[in-house]
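Every number here is computed from the coordinates shown, using simple stated rules; none is lab data. From a predicted model like this one, the values you see are computed outputs, not experimental measurements. Glycine gets a Cβ as well: all are built from the backbone with ideal geometry, and neighbour counts include every protein chain shown.
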Amino acid sequence: HPVNIPRREKDFQGMLEYKKEDELKLVKNLILELKPRGVAVNLIPGLPAYILFMCLRHADYVNDDQKVRTLLTSTINSIKKILKKRGDDFETVSFWLANTCRFLHCLKQYSGDEAFMKHNTQRQNEHSLSNFDLAEYRQVISDLAIQIYQQLIKCMENILQPMIVSGMLEHETIQGVSGVKPTGLRKRTSSIADEGTYTLDSILRQLSAFHSTMCQHGTDPELIKQVVKQQFYIIGAVTLNNLLLRKDMCSWSKGMQIRYNVSQLEEWLRDKGLMTCGAKETLEPLIQAAQLLQVKKKTDEDAEAICSMCQALTTAQIVKVLNLYTPVNEFEERVSVAFIRTIQTRLRDRCESPQLLMDTKMIYPVTFPFNPSSLALETIQIPSSLNLGFLTRV
Amino acid sequence: PRPPSRPRILLKAPTLAEMEEMNISEEEESP
């Protein structure tokens, strides 16, 4: 009688054997039909990537180049297919971005290339690919990761965009300032609209939801930083553009409100340990516009101070804010034409584009710094919920 | 285990766009 004796983990070599005819079933169950919100919630971060890599290792181990090629092609095409189908779902896109990056890191970590082996244990080095150099495939997968990143940014932008103007500019949270409105201007939002109005809190909650999803999926910390920087850029650019187009947003009290909102965004960064990711710096044009609303705008000294303060704003933007500036009460005056001329003269020699509005569609170039994993492949077990019973641990 | 001196064979890869074409033809074949 055959006796089923469980093997000890140290007897496994961190590979998964599969039959060629099961390849479609593998990508179907592991990629196309896996729901990030269902089964995947309880998986170790990056598990699909590790499973695919362990299958790849076996195909490499048996020296079957065709099997290696078709597995890589099926994997890449299936990831693209699922993103085409569910590309507007942040969780799906984040999940496959994290797993694509993990797969890319595995291809490097176990490539046998010394540059990527520095942090490996001896056992991990023994698990390097035996027969094939997959450097060209690594490039293709890196290109795929860039595509997924851009999709993630679009997806996140679609969710954030409707919240920004309401939460950053229209909604007033500062007691005492909220009552003071620019003279002659009516509040844009009616009391009926208030119920569905987004506040700064809505934005902060949404940022936290994005962040927690990415962390759950095991997204590389360096990649999370890049996503957050891009989010902050969008918030800053959309807010500034609207300020530049709306007279009712160019007042001393709005400047105060914006500075408060920016401080809350900074607090959020601090809370998440993201102060050094460059996100705060992307808000600099908005911060300077808010300061410009609050400083004195009368004398030559004021003009000099404004010119040295507003380095992140273009001349067109500075002039526009000054032109739109609306006094909050009878003690204040509009900015004089002469003062604006003084500013224009002072800034005449600046080398810059005549651009007024910021490009809200700009995406910073992304990089995927190598992030090896300490996880030992031979210890990985496949939960039965993944329906991958046709894979054999080797 | 592979002797460290043996070089690995470089597998030539199609580009992402070429793979997409392969993917489209796959989809066309399926009903």
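Using θ = phi - 60° in the Karplus curve 6.51 cos²θ - 1.76 cosθ + 1.60, the 3J(HN,Hα) couplings for region A:85-102 round to 6, 10, x, 9, 9, 4, 5, 5, 5, 4, 4, 7, 5, 4, 6, 5, 5, 4 Hz; x is entered for Gly and Pro. Plainly put, the protein assembly as shown has a radius of gyration that is 1.11 times its Kirkwood radius, both from alpha-carbon atoms, as the Rg/Rh ratio. Using Cβ point charges alone (K and R +1, D and E -1), the dipole size of the protein assembly as shown about the Cα centre works out to roughly 380 debye. What the Cβ-Cβ distance of A:Thr392 and A:Gln264 gives, at R0 = 56 Å and to the nearest 0.05, is a FRET efficiency of 0.60. Sorting the Cα pairs of region A:264-394 by distance into bins of 5 Å, from 0 upward, gives 2, 8, 13, 14, 12, 9, 9, 7, 5, 3, 3, 4, 4, 4, 3, 1, 0 percent per bin. The 3J(HN,Hα) values that the Karplus relation (6.51, -1.76, 1.60; θ = phi - 60°) gives for region A:388-394 are, in residue order, 10, x, 7, 8, 10, 5, 10 Hz. Gly and Pro appear as x. Between the beta carbons of A:Lys19 and A:Ser336, assuming R0 = 56 Å, the FRET efficiency works out to 0.10 to the nearest 0.05. Of the residues B:Glu18, A:Glu170, the one with the fewest other Cβ atoms within 10 Å heads the list, and the complete ranking is B:Glu18, A:Glu170. Pairs of Lys residues in region A:258-341 that lie 8 or more places apart, or on two chains, and have C-alpha atoms under 29 angstrom apart add up to 7. Which FRET efficiency value, to the nearest 0.05, do you get for A:Glu304 and A:Val328 by plugging their Cβ-Cβ distance into 1/(1 + (r/R0)^6) with R0 = 25 Å? Between A:Glu304 and A:Val328 the formula returns 0.55. I want the local charge near A:Leu292. Using Cβ-Cβ distances under 13 Å, sum +1 for each Lys or Arg and -1 for each Asp or Glu among the other residues. That sum, taken over residues with Cβ under 13 Å, equals +3. Which residue fluctuates most in the GNM of chain A (Cα springs below 10 Å): A:Glu17, A:Glu332, A:Glu222? Ranking A:Glu17, A:Glu332, A:Glu222 by mean-square fluctuation puts A:Glu332 first.
Across chain A, Cα pairs under 8 Å and at least six residues apart give a relative contact order of 24 percent.
Residue exposure proxy: A:Met275, B:Met19, ordered by other Cβ atoms within 10 angstrom of their Cβ from fewest to most, comes out as A:Met275, B:Met19. At full extension, A:Asp89 and A:Leu357 could sit 93.6 nm farther apart than now, given 0.36 nm per residue minus the alpha carbon distance. Computed over chain A with a Gaussian network model linking Cα atoms closer than 10 Å, the most mobile of A:Gln66, A:Gln264, A:Gln216 is A:Gln66.
For region A:20-69, the alpha carbon convex hull comes to 72 Å³ per residue, rounded to a whole number.
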